[in-house]
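Below you'll find the structure, written out as structure tokens, and then a few comments.
No lab work stands behind these numbers, since they all come straight from the coordinates. Predicted, not measured: the structure shown is a model, and the values here were computed from it. Every residue, glycine among them, receives a Cβ derived from its backbone with ideal geometry; neighbour counts consider all protein chains shown.
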Number of protein chains: 2
Amino acid sequence: MSNSELNKKEDSFKVVQQRFEEYLQKKGCRKTPERLEILKLVYAQKQLFCLDFLYLELEKKYRVSRATVYNTLSLLLECNLVKKHILGSDGKVQYEKAYKNNKHYIICTACGTAKEFRNEYLKKYLPSMTFRGFTSQHHSVYIYGVCGKCAKKQ
Amino acid sequence: MSNSELNKKEDSFKVVQQRFEEYLQKKGCRKTPERLEILKLVYAQKQLFCLDFLYLELEKKYRVSRATVYNTLSLLLECNLVKKHILGSDGKVQYEKAYKNNKHYIICTACGTAKEFRNEYLKKYLPSMTFRGFTSQHHSVYIYGVCGKCAKKQ
DNA sequence: TTTACTGCAAATATTTTGCAATATC
DNA sequence: GATATTGCAAAATATTTGCAGTAAA
């Protein structure tokens, strides 16, 4: 990654952190090291992840409980910094960062695989849509179907 | 609803029922009255619903267990006849029919409300997209943000 | 100094599984 | 007739809550 790209990423995280801290303040919640560490770890992920992945990663370095991870993910969900999904037919809950993360997925409902696809048009068109009174912040597009591998098996 | 609309709806359900029955056969599963009743009830819903809503509705007329509802919803998920979601910040699981039900939602992450919006362009564009080996069957679009009501409260 | 947050453990909620009876094929 | 599915209850998972100690404001 180039220097300018790294700077961009750091700036972006500053915005994220600020939004979280403002939300906490507005809600009368405290800024704790646990909450910040969880936010950092969430934003270090490029893929979908489950709650226990976060917990197990955090556990390696800090003393932290699952209850705190649940609590923090709920806060992040409320202030639009995290998305929570159920994709595929396995029915498992997955999370991903939300800020500037407008993803488009194709999902095989047979094997549960979620694969990202890029589409510049959607990326521009969807954020440009307006709705009375509604301030949009990010979006997700899911196209469900059956992948090549599973189609062969059937 | 006009006669022709009613016929259309019935025809559409025939296709759904046939797809389900074919899937059951392919998988070596049996066609049971419980499974058909659950499918019917799912397709009678115009909105998102939770599993327990189905169970409580079914219970009024039939002897059926939650385990069967879970089992059947999993089967319907696998054969792309049902979608499973987590929308909003309450983190609750919701379901909806999938066949010919390509919905677009705006979701307020503050109050958890999911509101459908119509967009003819997306409705046509998304199903027309092609991916190597992947057969797409239905889609969902979610635009997350904060609704007017919640923006005022903050 | 006040009180929200923490970890831990217990409580709840959600989902899955084991089993004997039943119904589909 | 063979066996997958059922309801029920018990087990396994996932999530939330109560509590006493700790730490942010």
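Per residue of A:98-109, what is the mean number of Cβ atoms on other protein chains within 10 angstrom of that residue's Cβ? Please report the intermediate quantities before stating the final value.
On the way: counts 2, 0, 0, 0, 2, 0, 4, 2, 5, 6, 3, 12.
The shielding value for this peptide is 3.
For a quick check, take a GNM of chain B with Cα springs below 10 Å and name the residue from B:Asn71, B:Asn80, B:Asn102 with the largest mean-square fluctuation.
With Cα springs under 10 Å in chain B, the top fluctuation among B:Asn71, B:Asn80, B:Asn102 is at B:Asn71.
Taking each residue in A:121-134, count the Cβ atoms of any other chain within 10 Å of its Cβ, then average. What number comes out?
Mean shielding by partner chains, rounded to a whole number: 4.
When N counts the residues of chain B, how does its alpha-carbon radius of gyration compare numerically with 2.2 N^0.38 Å, as a ratio?
1.16
Excluding B:Asn80 itself, what net charge comes from residues whose Cβ is under 11 Å from its Cβ, given Lys and Arg +1 and Asp and Glu -1? Don't skip to the answer; put the middle values down first.
On the way: positive: B:Arg19, B:Lys83, B:Lys97; negative: B:Glu78.
Residues near B:Asn80 contribute +2 overall.
Counting helices only, and only those DSSP H runs with n ≥ 4, report the 222 nm mean residue ellipticity of the protein assembly as shown as the sum of -39,500 (n - 2.57) divided by its residues, in deg cm²/dmol to the nearest 500.
-15500 deg cm²/dmol
Express as a percent, rounded to the nearest 5, the fraction of DSSP beta bridges in region A:30-152 (both residues included) that run antiparallel. Kindly include the intermediate steps, with their values, before the conclusion.
Values: 10 of 16 bridges.
Roughly 60 percent of the beta bridges in region A:30-152 run antiparallel, per DSSP.
Cα convex hull of the protein assembly as shown: how many Å³ per residue?
It comes to 180 Å³ per residue, whole-number rounded.
Beyond 16 Å, what share of the Cα-Cα pairs of region B:34-100 is found? Please give it as a whole percent.
For region B:34-100, the share of Cα pairs beyond 16 Å comes to 41 percent.
In sequence order, what are the phi-derived ³J(HN,Hα) couplings for region B:118-125 according to the Karplus relation 6.51 cos²θ - 1.76 cosθ + 1.60 with θ = phi - 60°, rounded to whole Hz, with x for glycine and proline?
9, 8, 5, 5, 4, 4, 8, 5
Test of understanding: ordering B:Thr130, A:Thr113 by Cβ neighbours within 10 Å, fewest first, what list do you get? Display every interim value, and only then the final one.
Details: B:Thr130 9, A:Thr113 16.
Sorted ascending by nearby Cβ count, the order is B:Thr130, A:Thr113.
Gain in length, B:Leu56 to B:Thr113, computed as 0.36 nm per residue apart minus the alpha-carbon separation, to one decimal in nm? Kindly include the intermediate steps, with their values, before the conclusion.
Numbers: separation 57, 0.36 × 57 = 20.52 nm, distance 2.28 nm.
Here the segment from B:Leu56 to B:Thr113 would lengthen by 18.2 nm.
To the nearest 10 degrees, how steeply does helix A:66-78 sit against the main Cα axis of chain A, on a 0 to 90 scale?
Helix A:66-78 sits roughly 80 degrees off the main axis of chain A.
Taking a point 7 angstrom from the Cα of B:Tyr125 along the C-beta vector, which residues in region A:112-132 have backbone N less than 17 Å away?
A:117-131
Compute the acute angle (0 to 90°) between the alpha-carbon long axis of helix B:3-27 and the principal axis of greatest extent of the alpha-carbon atoms of chain B; round to the nearest 10°.
70 degrees
Beyond 25 Å between alpha-carbons counts as too far, so tell me which of B:Lys26/B:Lys97; B:Lys60/B:Lys123; A:Lys60/A:Lys149 fall in that bin. Mind dumping the intermediate values first?
Values: B:Lys26/B:Lys97 21 Å; B:Lys60/B:Lys123 37 Å; A:Lys60/A:Lys149 37 Å.
Distance filter (> 25 Å) returns B:Lys60/B:Lys123; A:Lys60/A:Lys149.
Every other copy gets compared here: list the nm distances from the B:Thr135 label point (7 Å along Cα to Cβ) to its counterparts, shortest first, one decimal.
Listed shortest first, these distances are 4.5 nm.
Cα centroid distance between region A:44-90 and region B:34-73, in Å?
31 Å
What aspartates and glutamates could a cross-link reach from A:Lys31, if we take a straight Cα to Cα line under 15 Å and drop same-chain neighbours fewer than 8 places away?
A:Glu21, A:Glu22
Sort shortest first the distances from A:Val15 to its counterpart in every other copy, using label points 7 Å along the Cα-to-beta-carbon line, and give them in nm.
Listed shortest first, these distances are 4.2 nm.
Where the label is 7 Å out from Cα toward Cβ, how close does A:Thr113 come to the same position in every other copy, in nm, shortest first?
4.0
Could I have the simple spin-label model distance between A:Asn3 and B:Phe13, label points 7 Å from Cα toward Cβ, reported in nm to one decimal?
For A:Asn3 paired with B:Phe13, the spin-label model returns 6.8 nm.
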